[in-house]
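**Q** This is the structure I want to talk about, given as structure tokens.
Every number in this text was worked out from the coordinates using simple rules, so none of it is lab data. Predicted model, so just to flag it, every value in this text is computed and none were measured. When we count neighbours, we look across all protein chains shown, and the Cβ atoms used for this are built from the backbone with ideal geometry, even at glycine.
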Amino acid sequence: MQEPATKAGDPELRFGQDGLHRGKSERMAVRAVHKVVRELKNKEIIKEGNPKIVIQNIVASANLHGKIDLETAADIMDNVMYEPEQFPGLIYRMQTPKVVMLLFASGKLVCTGAKHEDMVKEVVGKVHVLLKDY
């Protein structure tokens, strides 16, 4: 299994903020919110104030560049749910930092619940280290 791609903007690690903007970074999400607020002010839908922008949930996908044996992963990892008859991926609830990851046999994964990009990079790295020998 190769090292996962972890650069923002790299096609192997994609960032998107739920329900807001399919952006590649936190900065792009903030710019999108400012644009929406500016348009609402121009149309006089809102009259005053500047929003405090807080990213609550980042959803990112990554590719570990190798196959994952989900049965083995379910055996060696804690806080997992794997029911292949119901869903083709393994659901991993990481405790620190508190995120949920969906891992697929193809080596691709989805991370949700991160508060910032560095957290995503950290958890993808942790999963890679955990699974690289399997």
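**Q** Which ordering of 134, 82 is given by a fewest-first count of other beta-carbon atoms within 10 Å? Walk me through the numbers on the way to the answer.
**A** Numbers: 134 13, 82 18.
Going from least to most buried by this count: 134, 82.
**Q** What is the packing order of peptides 92-99, 106-113, 43-50, taking the mean over residues of other C-beta atoms within 10 Å and listing the highest first?
**A** Numbers: 92-99: 15.4, 106-113: 18.0, 43-50: 8.0.
Most protected by this proxy first, the peptides run 106-113, 92-99, 43-50.
**Q** Based on the Cβ-Cβ distance from residue 130 to residue 71, what FRET efficiency comes out when R0 is 22 Å, to the nearest 0.05? Intermediate values should be presented prior to the final figure.
**A** Values: r = 15 Å, r/R0 = 0.68.
Working from the Cβ atoms, E equals 0.90.
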